[in-house]
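Please read the structure below before turning to the comments.
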Amino acid sequence: MHNTLTLKQAISKLKNKELTHKDLYQAVSDSVQGKNKKLNVYLTVSKNPEKQAEELLDTPLAGVPIAVKDNFCTLNLRTTASSTVLDNFIPQFESTVITKLKKAGGVVYGKTNMDAWAHGSSTETSQYGRTLNPRNIDHLPGGSSGGSAAAVAADMCIAALGTETAGSIRQPAAWCGVVGLKPTYGRCSRYGVVAMASSTDSPGPITKTVEDAAILLNHIAGPDKYDATTGPHGVPDFTQYIGKGVKGLKIGYIYKDLKGLEAVTKIFEKEMKVFEKLGATVTVVDAMNPRYGISVYTIVQRGEVSSNLGRYDGIRYGNDRSHFGDEAKRRIMLGTYTLSKGYADQYYNTAQKVRTLYIKNYEELFKTYDVLIAPTSPGFAKKIGATQGAAMFGELEDLLLEASSLSGLPGISIPCYQDPKTNLFLGMNIIAPMWREDLVIQVADAYEQATNWNTWRTKEKAKK
Amino acid sequence: MKKTPNITKKQIQHIANLANIPITQTEQKKLQTAFEETLNTIAELQSVDISNVEPTHQVTGLTNILREDIVNIDNMFTQKQALANAKQTHNGYFVVPRIIEEK
């Protein structure tokens with residue numbers, strides 16, 4: 001029962017002595033014991049996590065249990081990135097985000113399943129089996145942070161951490177009906193995160209409410225001397241943008257007339273009217289076609305992967321390169337090919353130029369609009385097994401997210417519809433200019449509070 | 001518009017060798033199909049006008065991010081820690097496979 005608390009509620013109850021750590025951890029543990037075998041959410045659970053929690057009562061996060069994607073290096077706790085290459089890897093050091101989380105009083109409850117090396121949008125490429133969507137177990141949770149999104153949806157934690165390169169936080173959040181915030185590239189340190197595509201990797205929170213995402217982001221963001229790509233920008237208290245409303249804001253509704261999106265658009269355009277009722281102006285606006293983002297992302301990601309995964313030699317840690325799964329092999333080799341002599345100009349340099357066109361297009365749109373909004377995903381969660389023989393599965397599912405990720409922009413996915421028949425959700429993706437997480441939080445929170453699509457908010461309202 | 005190059009099995013094997021990835025005959029065939037599918041998709045970029053466009057290699061615009069080069073003992077591995085995950089060690093060293101053949 002206590003496992004269904006939001007981060008905000010759990011912290012407040014612990015601090016007010018209305019709830020003990022023992023009871024909170026017992027509830028989470030019961031939930032994990034009851035569901036993990038079926039859903040395959042956690043790959044590793046920390047030993048006695050509640051032991052350290054009690055001493056953390058006076059910290060900002062008060063010792064709450066957090067689910068962490070298995071690509072954050074966690075000191076003395078197995079980290080596999082869901083690949084058997086790292087089956088026996090026990091990090092001797094801590095990633096910066098986890099150092100910060102622990103300093104703020106968060107407890108790593110366990111490590112969650114993901115697509116192996118974060119390659120994919122389904123968790124089906126995990127070498128430890130797929131995770132099932134807690135909202136409907138015939139369907140996938142999305143990915144690559146699918147385990148973290150499922151942990152939140154199934155109340156197997158209080159909040160979670162994921163990483164996104166192009167969709168890996170927002171798409172699983174959308175498919176599991178939870179909140180996923182992808183911060184600006186450089187907002188949260190990549191130090192100690194198993195590297196995928198270094199020019200877009202962004203750690204961020206996956207939570208039950210927008211306010212929870214703001215709370216968690218407060219504690220994991222900020223410059224890091226061990227990651228030179230983190231920005232020197234100050235970190236505001238993101239929770240101050242909760243409850244601010246959207247009165248007077250200018251919202252651009254993009255991708256409304258995109259081909260193939262008709263079924264989703266029919267539902268989605270109704271939801272966009274909510275913002276008008278709340279006092280914002282909503283304008284349907286043309287953005288550069290997202291389809292080129294698929295190709296740009298594919299080329300950039302495969303290229304960076306072929307370089308980043310070159311380090312796994314099985315000598316200093318882990319197993320040798322024969323342990324790579326099909327997806328990783330395919331990506332490493334494609335990157336090797338497109339970066340090789342004679343092809344780099346045709347592929348990599350072309351992709352980086354089209355990337356510039358997207359950035360310029362966003363800059364132009366943000367001159368007029370405060371935020372841009374579109375569906376997170378072209379449809380509901382796909383059925384299990386959907387990735388079979390689909391070499392471009394992830395790229396196609398992340399169609400609406402790739403361009404903004406390649407541009408480094410912050411974005412959030414929040415639930416905006418639930419199908420009464422399947423129980424499955426659609427997500428709304430809100431993006432803002434670089435370093436303006438405040439705007440995405442403000443707009444997402446206003447929508448969340450005004451509608452009934454958020455499971456936890458609705459429960460809260462029913463109690464009042 | 002340039003045509004997508006056909007990828008031969010020989011090329012697939014060559015790329016696998018470059019990437020140091022052992023592949024079987026069956027995988028070779030599967031990879032050939034996957035390569036063609038992916039290369040056909042990304043060939044689409046050739047239709048975008050990119051004349052006079054500068055490439056973007058990083059999005060933050062930050063340059064010359066420097067820090068003092070100070071030894072931080074807390075952030076250093078001991079020899080024991082450094083070797084903790086290695087499968088094979090010898091006298092405090094990592095053991096690596098031989099890459100130069102004896103004649």
Exercise. Would you say A:Ala391 is touching an Asp or Glu at 6+ places or on another chain (Cβ under 6 Å), facing another protein chain (nearest Cβ under 7 Å) and under 18 Å from B:Leu39 (Cβ atoms)?
Worked result: yes
Seminar exercise, completed: Picking from B:Thr63, B:Thr38, the residue that is at the interface with another protein chain (Cβ under 9 Å from one of its Cβ atoms) and under 30 Å from A:Met288 (Cα atoms) would be B:Thr38
Problem set entry | Top-ranked residue in region A:252-277 [being within 23 Å of the chain's Cα centre (by Cα) and hydrophobic (A, V, I, L, M, F, W, C); ranked as surrounded by the most Cβ atoms within 10 Å (Cβ to Cβ)] | A:Ile254
For this session: Those residues that are farther than 16 Å from A:Glu164 by Cβ and part of a strand (DSSP E or B), I need them from region A:68-88; list them, please.
Result: A:Thr74, A:Leu77
Exercise. Identify, please: which residue in region A:28-48 is surrounded by 19 or more Cβ atoms within 10 Å (Cβ to Cβ) and small (Gly, Ala, Ser) and is, among those, farthest from A:Asp138 (Cα to Cα)?
Worked result: A:Ser46
For this session: Keeping to region A:313-354, report how many residues are surrounded by fewer than 23 Cβ atoms within 10 Å (Cβ to Cβ), basic (Lys, Arg) and more than 7 Å from every other protein chain (Cβ to nearest Cβ).
Result: 1
Exercise. So which of B:Ile50, B:Ile12 ends up being farther than 18 Å from A:Glu327 by Cβ, surrounded by 10 or more Cβ atoms within 10 Å (Cβ to Cβ) and among the hydrophobic types (A, V, I, L, M, F, W, C)?
Worked result: B:Ile50
Exercise. Checking B:Ile100 against (1) under 19 Å from A:Ile315 (Cα atoms); (2) not in a loop (DSSP other than H, G, I, E, B), which test does it fail?
Worked result: (2)
Problem set entry | Residue identified as within 30 Å of A:Ala391 (Cβ to Cβ), assigned to a loop (DSSP other than H, G, I, E, B) and more than 7 Å from chain A (Cβ to nearest Cβ) among B:Asp69, B:Asp49 | B:Asp49
Seminar exercise, completed: Restricted to region A:405-420 and to residues being under 18 Å from A:Val210 (Cα atoms) and under 16 Å from the mean Cα position of the chain (by Cα), the residue farthest from the other protein chains (Cβ to nearest Cβ) is A:Pro415
For this session: Taking the residues in region B:26-35 that are at the interface with another protein chain (Cβ under 7 Å from one of its Cβ atoms) and in contact (Cβ under 8 Å) with a residue 12 or more places away in the chain as candidates, determine which candidate is surrounded by the fewest Cβ atoms within 10 Å (Cβ to Cβ).
Result: B:Phe35
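No value in this document is a laboratory result; all are computed from the given coordinates. None of these values were measured; they are calculated from a predicted model. Note that we place each Cβ from the backbone using ideal geometry, even for glycine, and neighbour counts take in every protein chain shown.
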